[in-house]
Amino acid sequence: MPHAVSSPSENMDPEDSVMSNAPAQALDAADNSQPDSSMPDAVAKPATANLEEMFDDDDDEDEFSSSAAIRSDQSSQPEPASQKAAYSDSNILSQFYQRLLPFRPLFQWLNHSATPQPDFQHREFAFTLSGDRYVRYQSFATADLLRKACVSLVPERFEIGPQYSINPRDRKTVLKAGSFRPIMKELVFDIDMTDYDPIRTCCSGAAICHKCWQFINMAIKVVDAALRDDFGFQHILWVYSGRRGAHAWVSDKRAREMDDAKRRSIAGYLVVVTGNEHGKRMGIRRPLHPHFERSLKLLNPHFQTDVLEDQDPWQTAEQTQKLLDLLPDPTLVAALQKKWDSAPNRTSTQKWADIDSVAEAGNLKSINPRQLVDVKQDIRIEYTYPRLDAEVSKKQNHLLKSPFVVHPGTGRVCVPIDVRKLEDFDPLSVPTVTQLLQQIDDWHTKNRDMSEEEKAKVADWQKTAMKPYVEYFRGYVANLLKEEGKGKRSRDADGGAESMEF
Amino acid sequence: MLAASTASRIDPKKRAVLDPRKQQFVKSQWVDQTYPNRMNFYTIPPTEDIALEDFEEWGIARLKVLAELEACQFRNRSPAETEEYMRPVLEKWLRLDSNKSRSPDMHLQRKKDHYSHWTLRLAFASTADLRQRFMRLETQLFKLRLQADSADERRDFIKSLPMSWEMLDADEKATWLSELRAATSVRKDDEENWFKVDWEKVPDLVERRQVLLKKGKAYVHVREQTTMVLNEFTRSLESGLELAARFLPRMDEDNRLAPILHHLSQSFVAPDASYNENNGVSDMTNIHAGSIDGLSSHFPLCMQNLHRELRKNSHLKHQSRLQYTLFLKGIGLNMQECIIFWRKAFKLITDEKFKSEYLYNVRHAYGDVGGDANKRGRGYSPFSCQKLLTEPLPSAGLNHGCPYRTYSPDNLIALLQNVGVGDRELLRAVREDVGRMRYHIACNRVFESTHKNEIKKVKDENLWNASELDTILHPNEYFKRSFLLKNLSLARSGDIGVDGPSQGSN
């Protein structure tokens, strides 16, 4: 492949990048600062150079050493500016791309086969470079070329788009309009904590804590169950988005090849509660659709503990008013109002129980008890049901951040989440890029006695906290490839049988 | 590119004359269609020979129906209103009797329906825009008819379709019954039958959570079958049209069918209305040169505009003159009177100049002079809306054509206000129609608004057949209908309805 060996600046189509700062300079700078970026197998012979020595040469040693402080800091509150800069520091990121990001399984995951095919080769990658420059329509023939581009361009993050009908780099050479179009992409979902701001009380905006992460857990459970049981999808990868949300990538062939209309209908099937403050009443039909029945079954325990107890969403008078607004019966509302005014310290759990007791005391006029049950169900759904960013799922050509890249704000790696052990996943203990690099050093210090040969056998990611995540991902991808191979073989067999006939 | 495509085409005279029947169809290998159902899914193309005239006529009839259907849509008619409106139209142009009727015409009707569909497929396969439109309208027509079908005939028809659905057996039904009921919101007295398909077949039902999903299979209630049949119809038509588009250039047939097909696809802008001589009203009132001013209030905007220009400048340029002369001929002004009309109107011009420069044109338009063909055909036909809407736009300073198309929206509104159309709501709607290039819809809208009292009356009193109030597609039709509506008493006392005896206008 001729373009495979071209220098990064040639790879870049200048028209594609949004250039806010002087880009050429920045590119050159990145290039020069990384003399070994052209070395084709930088990862293949790992850890021969002492990391400390490498960093000794760098001016910004200070920034690096400050990473120790970050490691001890377990909160994900926005970092001070200097540390933030450290996460997008080109040296650190370049190290990360060279040594840690598992390009090979990532490639296999997108390629659905061990040998490169258009699934990967015609797929769009979009790089966010330093200085808010954004480069779209990049594509790569092999995993190694993608890695090389990452090492030399040092994107803050990169996103994955669809496979196009032709190589995205050649899109301007097509003669007929419409012959350059997306043809395949994983079905994706995006859950973001900001959509939960109207109902979470512990944090707001970019911040998260263990309490509100439960909302993401609930969403993952419900969406995962629906995708598996209802739509029959099997290859669903959940990925921590690096700060306060999660992405899902569905790789089943049937899902990948869906057009926008089908994606829209899945999104429509799953989305209920709108994220805005006084969201429209959702008008859920009775009897409940089995999807809601199942979702409620999954969500009910969370509602008691995670919502009523931990979030305590109806604590203040203002919040209480929100609850009262959701109840349709004026008599009931008046009675509850009176009760809660006289006892302002009641918790949300108590207030939730009060609704029933007050109603039973004969304060229900305009609706019957059966309808009250429905209303309470609606409220439960509103406070627990997943809040998806539906637009992300509806379009085949929507770009979504790749797994395993570093979140520029928190430095955390976007690691996959094992849904079988969903409750064990702790977003706040996901390693940051600086921690990981430190862990490599620590490993070398610890295994000083090991022979160079033996050391070479251990890949860099195995020396770090990335290990379980990469292993999970490799297992997941292996499963996907196995399934994919099965389909292919049976197709080939069919073809063979047919060709025999002729 | 052009050169290449013409070079590859064999000169028609040199082309090897292949009788297709002598080639692959030595004996017919197809089964002649029997049309067991009233409805047709149009999966099998027609195979019998038909007359070229039928090919065109049937196509035009169907086109008429589709155009009316589109007009309903443009005017935001509700489904019920559309059905009401379309019933007489369908009756007239594409009547389909049910099996129960045992009508002797049944086979012919169904054949016509079948062949006309395939004719229009060819005509509208050429561009994506036409394909899209054709697909939308055909689906609507299909839906309309399916709904009108009686329940058991519809069931038979649906059963005959090659669809991949599988009815749920009793076991499965028993296992999932409560979930099925909840998912598809079945009411107490609804039929408890479901079938299962891949969910991808019913994306809209999935989106509205109207189905039960299990491992990628959608369990659909039988009442949704119609929707699915419609979706399948659209899908198969879409792929059929794309296929037709690809094969169209290979048809290599430009003598017999191509002109017809071209004409049909042209007609989709505004269906062609052939001029018929009944459109004159000379049988009800004496039309002479002096009465044109009085009658001009019944003229459509294109002609009123020319009339006003003529009165303002005492002159009209050639194109405008031709358009106007033919229109006047159409309303029943005879040639002598027409010559008098023009002579008087061109009052700044000497007799001599008139004779030498203008008289011949008028006579030519009436077929009084000119070549044999012109005489035999008694001159040109008055221009239809289609003609006015598809001819090249007039250059600056010329006034012919359809003002809805040629005028800028602001000038058009000013013109309408000048001729006394001032209803704000109406003007807003006209502006919208014109913006979407639905010129004849705008014109019809104006007509309906300015004649709304009369239209209401004939509707209420059932004086006119509903198909006599369909979309106007010819300036002379506009005039005639306007005249008749405003002179209802006259039409009745003369006992001449719209379908009255043709007396010609010679």
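Every condition in (1) touching a residue at least 12 places away in the same chain (Cβ under 8 Å); (2) outside any helix (DSSP H, G or I) holds for B:Val446 except the one numbered (2). Residue check: is A:Arg200 touching a strand residue (DSSP E or B) at 6+ places or on another chain (Cβ under 9 Å) and either within 14 Å of chain B (Cβ to nearest Cβ) or not small (Gly, Ala, Ser) (or both)? Here the answer is no, as A:Arg200 does not meet what is asked.
Yes or no, residue by residue, for (1) touching a residue at least 60 places away in the same chain (Cβ under 8 Å); (2) assigned to a helix (DSSP H, G or I); (3) not assigned by TED's automatic domain parsing to the domain that holds B:Arg145:
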residue: B:Trp58; (1), (2), (3): yes, yes, no
residue: B:Ala61; (1), (2), (3): no, yes, no
residue: B:Leu66; (1), (2), (3): yes, yes, no
residue: B:Gln73; (1), (2), (3): yes, yes, no
residue: B:Asn76; (1), (2), (3): no, no, no
residue: B:Ala80; (1), (2), (3): no, yes, no
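Limited to the stretch A:388-427, what total is found for residues that are closer than 23 Å to A:Gln95 by Cα and surrounded by fewer than 18 Cβ atoms within 10 Å (Cβ to Cβ)? Selection size over the stretch A:388-427: 1. The set of residues in the stretch B:343-371 that are among the basic types (Lys, Arg) and either surrounded by 16 or more Cβ atoms within 10 Å (Cβ to Cβ) or farther than 19 Å from B:Lys312 by Cα (or both) comprises B:Arg343, B:Lys353, B:Lys355, B:Arg363.
Of all the criteria given as (1) touching an Asp or Glu at 6+ places or on another chain (Cβ under 8 Å); (2) closer than 30 Å to A:Phe473 by Cβ; (3) of a type outside the set (S, T, N, Q), the one not satisfied by A:Lys365 is (2). Among the residues of the stretch A:294-306, which ones are within 14 Å of chain B (Cβ to nearest Cβ) and closer than 24 Å to A:Lys351 by Cα? Result: A:Ser295, A:Leu296, A:Lys297. Hey, any hits in the stretch A:160-171 for a residue that's under 21 Å from the mean Cα position of the chain (by Cα) and within 29 Å of A:Asp89 (Cβ to Cβ)? Yes, the stretch A:160-171 contains at least one residue that is under 21 Å from the mean Cα position of the chain (by Cα) and within 29 Å of A:Asp89 (Cβ to Cβ). Every listed requirement among (1) part of a strand (DSSP E or B); (2) β-branched (Val, Ile, Thr); (3) closer than 23 Å to A:Tyr469 by Cβ is met by A:Val223 save one, (1). Of all the criteria given as (1) over 28 Å from B:Thr450 (Cβ atoms); (2) free of Cβ contacts under 8 Å to residues at least 24 places away in the same chain; (3) hydroxyl-bearing (Ser, Thr, Tyr), the one not satisfied by B:Ser291 is (1). Where helices (runs of 4 or more DSSP H) fall wholly inside the stretch B:201-280, the ranges with 2 or more residues that are within 14 Å of another protein chain (Cβ to nearest Cβ) and at pLDDT 85 or above are B:203-207, B:225-247. Within the stretch B:192-208, the set of residues being crowded, with 17+ Cβ neighbours inside 10 Å, within 15 Å of A:Ala261 (Cα to Cα) and not basic (Lys, Arg) comprises B:Trp199, B:Glu200, B:Val202, B:Pro203, B:Leu205, B:Val206, B:Glu207.
Exactly one residue among A:Leu296, A:Leu270 is under 20 Å from the mean Cα position of the chain (by Cα) and modelled with pLDDT of 90 or more, and that residue is A:Leu270. Selection of the stretch B:442-486 for residues being under 24 Å from B:Gly422 (Cβ atoms) and of a type in the set (S, T, N, Q) yields B:Asn444, B:Ser449, B:Thr450, B:Asn453, B:Thr471, B:Ser482. If you scan the stretch A:338-355, which residues turn out to be closer than 20 Å to A:Glu382 by Cβ and touching a residue at least 12 places away in the same chain (Cβ under 8 Å)? Those that are closer than 20 Å to A:Glu382 by Cβ and touching a residue at least 12 places away in the same chain (Cβ under 8 Å): A:Trp340, A:Thr347, A:Ser348, A:Thr349, A:Lys351, A:Trp352, A:Asp354, A:Ile355.
If only residues of the stretch B:189-200 that are part of a loop (DSSP other than H, G, I, E, B) and of a type in the set (Asp, Glu) are counted, the one that is farthest from the other protein chains (Cβ to nearest Cβ) is B:Glu191. Condition first: among the hydroxyl-bearing types (Ser, Thr, Tyr) and in contact with a strand residue (DSSP E or B) (Cβ under 6 Å, 6 or more places away or on another chain). Can you find one or more residues in the stretch A:145-154 that meet it? No: zero hits.
Taking the stretch B:412-425 as the range and being under 20 Å from B:Pro475 (Cβ atoms) and outside any loop (DSSP other than H, G, I, E, B) as the test, the residues that pass are B:Leu412, B:Leu415, B:Leu416, B:Asn418.
Evaluation of A:Val239 against the conditions (1) within 14 Å of chain B (Cβ to nearest Cβ); (2) modelled with pLDDT of 95 or more shows that the sole unmet condition is (1).
Of all the numbered requirements in (1) touching a strand residue (DSSP E or B) at 6+ places or on another chain (Cβ under 8 Å); (2) within 20 Å of B:Leu212 (Cβ to Cβ); (3) small (Gly, Ala, Ser), A:Gly242 misses one, and that requirement is (2). Here B:Val186 meets the list (1) in contact (Cβ under 8 Å) with a residue 24 or more places away in the chain; (2) within 12 Å of chain A (Cβ to nearest Cβ); (3) touching a Phe, Trp or Tyr at 6+ places or on another chain (Cβ under 8 Å) almost entirely, failing just condition (3).
Residue-by-condition table, conditions (1) modelled with pLDDT of 90 or more; (2) assigned to a strand (DSSP E or B); (3) under 28 Å from A:Thr434 (Cα atoms):
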position	(1), (2), (3)
A:Thr115	yes, no, no
A:Asp119	yes, no, no
A:Ala126	yes, yes, yes
A:Ala141	yes, no, no
A:Leu146	yes, no, yes
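One line per residue, one yes/no per condition, for (1) surrounded by fewer than 21 Cβ atoms within 10 Å (Cβ to Cβ); (2) hydrophobic (A, V, I, L, M, F, W, C):
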{"position": "A:Pro182", "(1), (2)": "yes, no"}
{"position": "A:Val188", "(1), (2)": "no, yes"}
{"position": "A:Thr201", "(1), (2)": "yes, no"}
{"position": "A:Ala207", "(1), (2)": "yes, yes"}
{"position": "A:Tyr240", "(1), (2)": "no, no"}
{"position": "A:Ala246", "(1), (2)": "no, yes"}
{"position": "A:Trp249", "(1), (2)": "no, yes"}
{"position": "A:Ala255", "(1), (2)": "no, yes"}
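Of all residues in the stretch B:142-171, those satisfying the criterion of being within 14 Å of B:Tyr219 (Cβ to Cβ) and touching a strand residue (DSSP E or B) at 6+ places or on another chain (Cβ under 8 Å) are B:Trp165, B:Glu166, B:Met167, B:Leu168.
The values are calculated or read from the model by the stated rules, or taken from the named source; none is laboratory data. Given the structure is predicted, the values throughout are model-derived calculations rather than measurements. All Cβ positions, glycine included, derive from the backbone under ideal geometry; neighbour counts span all protein chains shown.
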